[in-house]
Amino acid sequence: LPFKPALHDVQALAYSVIEEVKMVYKASGVTIQYAYQGQQNQQYIDANLFRHIFQNLLSNAMKYSGAGTEVQARINGTDDHITIVVVDQGIGIPEENQANMFNTFHRANNVGTIQGTGLGLAIVKRAVDTHGGTINFKSIENQGTMFVVTLPTHK
């Protein structure tokens with residue numbers, strides 16, 4: 001993946017992604033609660049990588065959550081990094097599948113008939129790595145999942 005950091009308004013990018021995801025999943029009955037915290041909105045990031053990371057995590061959270069639940073998304077911007085946190089109350093990832101979640105074509109064994117290719121998180125991981133960041137998650141089956149991405153802001 002090409003890496004092209006430039007100065008971007010992270011909050012504006014995030015709002016744009018949220019609106020796109022809301023449109024795709026408007027019939028799902030799942031809501032998004034979003035908050036931005038930070039000293040500055042303008043950060044040196046690769047906007048394309050950021051969009052892909054945030055969009056995929058939000059889409060997964062919406063797709064694997066039941067109607068009437070809420071997805072929480074938070075972004076915290078500091079002088080040297082941004083942290084993206086996406087938390088859902090969805091089906092969760094079974095413990096036996098968690099070690100392989102970033103492998104291509106891997107899907108958890110509890111997804112049932114929910115559509116997917118098993119590529120999204122593998123591409124997200126590559127985008128995070130390209131940005132020089134980290135991605136971690138915690139998940140409990142039938143309770144939900146939390147993803148935390150930290151991206152350094154490059155000048």
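The values are calculated or read from the model by the stated rules, or taken from the named source; none is laboratory data. Predicted model only: the values in this text are computed from it and were never measured. Cβ atoms come from the backbone with ideal geometry, glycine included; neighbour counts cover every protein chain shown. All accessible areas refer to the heavy atoms of the entire protein, side chains included, with ligands and DNA or RNA removed. Shrake-Rupley method; radii C 1.70, N 1.55, O 1.52, S 1.80 Å.
Selection over the range 88-105 of residues that are among the β-branched types (Val, Ile, Thr) and buried (at least 20 other Cβ atoms within 10 Å of the Cβ) gives a count of 2.
Picking from residues in the range 33-49 that are open to solvent by 70 Å² or more (accessible area, probe 1.4 Å) and either of a type in the set (Phe, Trp, Tyr) or within 15 Å of the chain's Cα centre (by Cα) (or both), the one that is farthest from residue 69 (Cα to Cα) is 44. When 41, 109 are checked against the criterion of being more than 23 Å from residue 134 (Cβ to Cβ) and at pLDDT below 90, a single residue qualifies: 109. The strands (runs of 3 or more DSSP E) located wholly in the range 65-155 that include 1 or more residues which are closer than 23 Å to residue 12 by Cα and of a type in the set (Asp, Glu) occupy 70-77. Checking each residue in the range 50-87 for being over 13 Å from the mean Cα position of the chain (by Cα) and polar (S, T, N, Q) picks out 65, 69, 76, 78. Among the residues of the range 1-31, those identified as hydrophobic (A, V, I, L, M, F, W, C) and not in a helix (DSSP H, G or I) are 1, 3, 6, 7, 30.
In the range 1-17, the residue that is nearest to the chain's Cα centre (by Cα) out of those that are surrounded by fewer than 17 Cβ atoms within 10 Å (Cβ to Cβ) and small (Gly, Ala, Ser) is 16. When the test is whether a residue is over 20 Å from residue 143 (Cα atoms), open to solvent by less than 50 Å² (accessible area, probe 1.4 Å) and either outside any loop (DSSP other than H, G, I, E, B) or among the hydrophobic types (A, V, I, L, M, F, W, C) (or both), residue 61 does not pass it. I'd like to know if the range 18-32 contains one or more residues that are in contact with an Asp or Glu (Cβ under 6 Å, 6 or more places away or on another chain) and surrounded by 13 or more Cβ atoms within 10 Å (Cβ to Cβ). The answer is yes, given that some residue of the range 18-32 is in contact with an Asp or Glu (Cβ under 6 Å, 6 or more places away or on another chain) and surrounded by 13 or more Cβ atoms within 10 Å (Cβ to Cβ).
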